[in-house]
1. How far, in nm, would the chain grow between N14 and M73 when pulled straight, counting 0.36 nm per residue and subtracting the alpha carbon separation?
2. Mind pulling the per residue volume of the convex hull built on the Cα atoms of the range 13-92? Å³ is fine.
3. For R43, R7, what's the fewest-to-most ordering of other Cβ within 10 Å of each Cβ?
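The numbers here are math on the coordinates, done by the rules we state, and not lab data. Since we're looking at a predicted model, the values are computed, not measured. Positions of Cβ are backbone-derived with ideal geometry, glycine not excepted, and every protein chain shown enters the neighbour counts.
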Amino acid sequence: MELDKLRHFRCDLNALALIQEKAGLNLLEEKPGKKTYNAVEFRAICWALLVHEDPSLTIEHVGAMLTPLNMGMAAAAFAKAVGVKKTENPKATSGG
């Protein structure tokens, strides 16, 4: 996915643990395609899936890279990374 540069989501156990720590979401129990994520959750998810490429990457940096123009692309990349079928794409919302 093209953000500030080409970046790749990776959903491994480390990413799942980071998502649980930072967003309180247990994606081993929840079905990612069945939930709408708020901004805090979606930013944490994206950060956790990207930090493998750059350990110095912060949640705030990821939040600054995500805009309304590329959030749909990020949601699709997230769905692909966690194995969600196209018809079940998770959504990011601005709600809290």
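1. Full-extension gain reported as 19.0 nm.
2. 86
3. With the sparsest Cβ surroundings first, the list reads R7, R43.
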